[in-house]
Every structure is written in structure tokens, then in C-alpha cells.
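Structure record follows, encoded as C-alpha cells.
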Amino acid sequence: MHGPTDEELLLAVRSGDNDSFGTLVARWERPLFHFVYRMISRPEDARDICQETFLRVLNKAHRFKPGAKFSTWMYQIALNLCRDQLRKKRRWSAVVVERNSDFEPEPAPSAVLQVEDNPAEAAERTERRQLITQALGEIPAEQREVLVMKEFEGMKFREIAEILGCPESTVKSRMYYGLNGLKAALAKQGFTAEGVS
Amino acid sequence: MSCVHWKELLVEQLYEELERDKALALEHHLADCAECRHELEQLRQARSLLSEAKPEVPTLPRVVMLRQPTFHRPWMAFAAGFILCALLIGGGIATGVALGPKLGGSQSTTATVLEPLPQDAGNAQAPQVIDGTPVRNDFVSRDELNKALANYGARFDERLQTKGNEILTRVGQQPPEMLLTQDELNDALSIFDRQLENRRRGQIELLVDQLVQTEARLKAQEDALRILVLSGQPGVRPE
Ligand SMILES: [Zn+2]
């Protein structure tokens, strides 16, 4: 990596160097926003949580334990804020389905765009997505978190374990039960990988 | 037959995080165990369904860092330096030039720091951002401070000139026997110096005290301060 590491930057932030904080924000705002958005799916809330996360990073910089990994610490802060937020909103699925037209989604990869020509197909895709999202809201939160971090964020099991502060085997176990739970929730609606039957 | 201990490996296999030797072991087991083969197939289907629900992430809102120079140490030091400097200059004039409000009609620069914070400062509002431009609260830029300082200096020179002329005129009007000898003048000046020094010290101590208190209070309200504000995308007004 070019330039100082995240941990070096944070140490500089601790001694009052605001530019280092700016560098950290610039480096992590995008991954953090992705992470938070995929956890809670509401752009406004995701934005607020990112803001709050960075603010806490700044205010709690002195509590960062040397030797720890900055990103893990930052994700832990963000995850706790997401959990608080979801507790407030109570139902994840209800939260997730809402869309805000003010925010343009990132352009889909070209591979997806090719299939998107047919409006009927697009509509079905949207419907499936909503059903799956709803089913995701029916499984326990601790399993859902793992599913989101693994499938949507592409994190390694080791990274997830570090953020959650639990053994890797626990993460894999939650993954296992989460996937099965998801499938079961969808099966109840006659929904399979091949389509709605 | 219980295959519980294979479940972890199945999950690892699903995400291709399986180490080589474990992968070989699993491969052998799968060849013999229909149950685990079925299990892995189920997991693959579930993963495929899950991947369909992957949310597209909206364009990242920009993060805007708001600087509030009032609350940063380097600026505080600079402000303190300025005040001390102003005090030293101001103290030089026995008549005393009021600080702050008379700074050449420009925005009061020292007053912000000199005036004690209101008691409800803990409820300070977060700085607002409109169209990406921070709304100013009560801080001044370095340029403004320099301008005010230059202005102050010019006015001081002017006053000193006037005062000097006044004293010279008065001295010229005194009968010779009323004039002080050089020694008497030196004594008087050193007494004046001491008084000035004491007064200056008192003011400086008061100011430093105030600065320290201000900083302590600001620390306490850290949470209320939004140093960072995420503004929306271009064109999107943050609430
Ligand atoms: Zn088996």
C-alpha cells in the first residue's frame, strides 16, 4: 500500500492531525457505505450511520488498541450502529424494501444489463428480489448479518469473525443455518432457485 | 450417520475458502456420502437465491469535513497569541484601548474568545451545511484575523502618535522647575513598568484561564459537534 497504513493514520489523528483523518475518511468512506447500506438498505440511514461511524472513530481514536486492525474496529462501530438502527426500526424486511428515488443505483455490470432488455423479465427479477429480501428478514439477525457480510460484502470468514468477535466456526455455523433458514422461508412460499412454482 | 462435523467444511467449500488438504478430505467424503452431497447442493441453491437479493448500492454520498477552527488547538494557540499580542500593545497605552469591539469596525475577532461562553453552550447546534458549504458559526479565518490585526496596528500607531504629541505639548507647557530629572523620570517609568507588568500578568492569567475553561467545555460537548457532515450527492440537499 502507498503511504501510511490505516493504523499509522489513526495514531496521527490521535495526536490532532486532521489531515490524516481526512485521508482515512477518503480511504474508507466507500467500503463503509457499501457495508452499512447492505446491512440496512436505506440510503439516508446508511449515510447517517457512516457519518456517525467516522465521528466515533474520531472521538474514540484514543481508545483504539495499538496492534488492532483499523478496518475491523471501524466495521465493529458501524455494525453496532446498524444494530441499534434496526432495533429501532424493528423489522428489517420492511426497511429493506423501501427505495429512495433520489439515489441513483450504481450502474449494473454489463453482464446484467444484457438480460435486462425484457421488461417482463426485469419485473420478475424485482419481484424475486423482494421475496428473497423479505425471507432474509425472517431469519435471526445474527445469521442475517453473516449472510450479508459474506455474500454481499464478500468478506472472508476470518474477517467476519474478527468483526463479530466470535470464533470462525460460529460464523460458519451461522452461515449454514442462515442459508438453510432462508431456503426454508422461501420454500414456504413455493419459491425455489428455479423460479416461483 | 451423523455428518455434523462436515457442515463447516461444506460452508467453506461453498465459498471456496477450503484449504487444500481439507478440500481433498471433503472430496473423498462426498464421494461416499449422498447426504452431504445433497446438503452441499441445498447450500448452493440457497446461496444462489441469496445472491439474487444483493442490493445495488446507491452512489456514495460525499463526506464533507467541516473544520471548526475555534475548536482546534493550533487555532486556539494562534488566537491566544493574538490576544496576548493585542494586550501587550494595548497595555502600552496608559489610557487603555478597549479590546475587541473597537477593532476598526471589522467583525469582532477577539471578542469571540474573550466573552465567556453562554451557560447552555453544551446544547450547541451542529454546524449546518448548505450545498456543501459549511454555514459559519462564530469562527474567523486566518485572513480575517490578519486583516483585523493590521487594522488594529494602524489605529494603534495613529493613537500613539496623537498621545505622544499630546505629552510633548504638555511637557513643553510645564515651567522648567516642574520638569523631572532623568533619574526621577527613570524611577517613575520603572514604577509604571511594574504596574503595567502586574496588570498585564493579571489579564493574561485571566485569559489563559478562560481559554482553558473554554477548551474543557468544548471537550465536554464533543458529541454535539458535527465535525463531519455527510452531504448528499451533488444536487441533493442534506436535511
Ligand atoms: Zn456426510
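Regarding residue A:53, is this residue surrounded by 17 or more Cβ atoms within 10 Å (Cβ to Cβ) and modelled with pLDDT of 85 or more? Taking the combined requirement at face value, the residue satisfies it.
For segment B:19-34, filtered to residues that are within 15 Å of the ligand (Cβ to nearest atom) and within 14 Å of chain A (Cβ to nearest Cβ), the residue that is surrounded by the most Cβ atoms within 10 Å (Cβ to Cβ) is B:26. If the condition is being of a type in the set (Val, Ile, Thr) and part of a loop (DSSP other than H, G, I, E, B), then segment A:125-177 contributes only A:139. Could you check, for segment B:42-62, whether at least one of its residues is at pLDDT 85 or above, within 16 Å of the ligand (Cβ to nearest atom), in contact with a Leu (Cβ under 8 Å, 6 or more places away or on another chain) and away from chain A (no Cβ under 11 Å)? No; the residues of segment B:42-62 include none that is at pLDDT 85 or above, within 16 Å of the ligand (Cβ to nearest atom), in contact with a Leu (Cβ under 8 Å, 6 or more places away or on another chain) and away from chain A (no Cβ under 11 Å). Quick check on segment B:1-12. Is at least one of its residues surrounded by fewer than 20 Cβ atoms within 10 Å (Cβ to Cβ), farther than 28 Å from residue A:188 by Cβ and more than 11 Å from chain A (Cβ to nearest Cβ)? The answer is yes, given that some residue of segment B:1-12 is surrounded by fewer than 20 Cβ atoms within 10 Å (Cβ to Cβ), farther than 28 Å from residue A:188 by Cβ and more than 11 Å from chain A (Cβ to nearest Cβ).
Residues that are of a type in the set (Val, Ile, Thr), under 14 Å from the mean Cα position of the chain (by Cα) and within 12 Å of chain B (Cβ to nearest Cβ) do not occur anywhere in segment A:69-85. A Cβ distance below 7 Å, combined with a sequence gap of six or more or placement on separate chains, defines the contacts here; from segment A:115-126, residues that are within 13 Å of chain B (Cβ to nearest Cβ) reach residues that are at pLDDT 80 or above and part of a helix (DSSP H, G or I) in the pairs A:115/A:121; A:116/A:122. Taking the condition in a helix (DSSP H, G or I), assigned by TED's automatic domain parsing to the domain that holds residue A:68 and free of Cβ contacts under 8 Å to residues at least 24 places away in the same chain, does residue A:21 pass? Criteria not met by residue A:21. Each residue in segment A:1-39 was checked for being more than 10 Å from chain B (Cβ to nearest Cβ) and among the β-branched types (Val, Ile, Thr), and 3 of them qualify. Name the residue that is nearest to the ligand (Cβ to nearest atom), counting only residues in segment B:1-18 that are under 17 Å from residue B:38 (Cβ atoms) and in a loop (DSSP other than H, G, I, E, B). For segment B:1-18, the residue satisfying everything is B:3.
The values are calculated or read from the model by the stated rules, or taken from the named source; none is laboratory data. A quick note: this is a predicted structure, and the numbers were derived from the prediction, not measured. Methodologically, a virtual Cβ is constructed for each residue, glycine included, from the backbone with ideal geometry; neighbour enumeration extends over all protein chains shown.
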